Structure formats: structure tokens, C-alpha cells
Amino acid sequence: KLSTLELRALVEGSKNINSKINRALLIHAAAGLIIVFFLAIFYNQIGALFLSKHYQESFFIIPLIALAFLIFNSVFIIETKFYATGKTRFILTHHIFGAIFNITLNFLLIPYFGLLGAAISAIFSFLSQLVISYYLMLRY
């Protein structure tokens, strides 16, 4: 684990920090999608192994939430550039937007789709944060 000062030194010594972050995102996405695919196939078995049978009707949510957090963790990879370059205001910007978007989608989707609506809301709000943070990474 690198400190902020070590990250800054790494960025200053490297002209291609964006390409390194892109590579990390690619590796993260490839490994994460394999896990999400595995969870999508075996969510009933995994749910039965780790959760009570009382929650069985909600096991379908496991791969959706895993996908949402795969996207959200990708945002954290991009944020390393903002920490390293001292542009942490961008982190606040996309998190506030994502939170507002998530709350809005929750109000719109949960009444109609219940738990599925909450999962869809999480996926799209985290995806919006990923798009915004990636744009800011490329621009600054």
C-alpha cells in the first residue's frame, strides 16, 4: 500500500500514469467479471451455503450487487491518480453526483421493482461515477 507522497512521486516520475491506470482497470475488470459470472451461475448454491433459507427468494441479487461493487472498486482505482496529483476535489464531485443519482433512482425504481430496483440503482449510480471519474482522469 502506497502513501500519498509515494503516489505523487510515482506520478511525477511517470508520464504514462493514465495507461497504468487503464491496465489496472483492465485486469480488475477481467478478474472481477469472471467472479461475477461465477456468482451468476451459482448464486443459489452460494446463497444456500452462506445465508439462511429465509432469504432464498433474494439470492438472485448476489451477482447484481457483485457487479455494482466491481464497478465501484474500479472508481477507486481511478481515484489513485487524484490522490497522487492532489486533485481530490474531483473525488468529492463524482461521489456527490453518484449519491444524488442513487437516491433519485431508488425513489423511482424501488416502488416498482423492489430489491431489483435497488440493485439496478446501485449499478447505474456506480457506473455514472465510473464514467465521470474516468473522464476527469483523462482530462486532468
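The values are calculated or read from the model by the stated rules, or taken from the named source; none is laboratory data. Predicted model only: the values in this text are computed from it and were never measured. Virtual Cβ from ideal backbone geometry, glycine too; neighbours counted across all protein chains shown. Ligands, DNA and RNA are stripped out before the accessible areas are found, and what is left, the full protein with its side chains, is counted by its heavy atoms. Shrake-Rupley method; radii C 1.70, N 1.55, O 1.52, S 1.80 Å.
Figures for the structure shown
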| quantity | calculated |
| --- | --- |
| Residue among THR93, ILE120, ILE46 farthest towards the positive dipole end of the chain, charges placed on Cβ | THR93 |
| Accessible surface of the chain [probe 1.4 Å, protein heavy atoms]: carbon and sulfur percent | 71 |
| Lysine pairs in the chain with Cα atoms under 27 Å, if 8 or more residues apart or on separate chains | 8 |
| Residue with peak Gaussian network fluctuation, the chain [Cα springs, cutoff 10 Å], from PHE42, PHE69, PHE126 | PHE42 |
| Rounded, prolate or oblate (a/c below 1.5 giving rounded, otherwise prolate when a/b exceeds b/c) for the stretch 20-133 by Cα gyration tensor | oblate |
| Kyte-Doolittle mean at least 1.6, axial Cα span of 15 Å or more - DSSP H helices of the chain | 61-85 |
| Per residue accessible area in Å² of the chain, where ligands, DNA and RNA are left out and the probe is 1.4 Å | 64 |
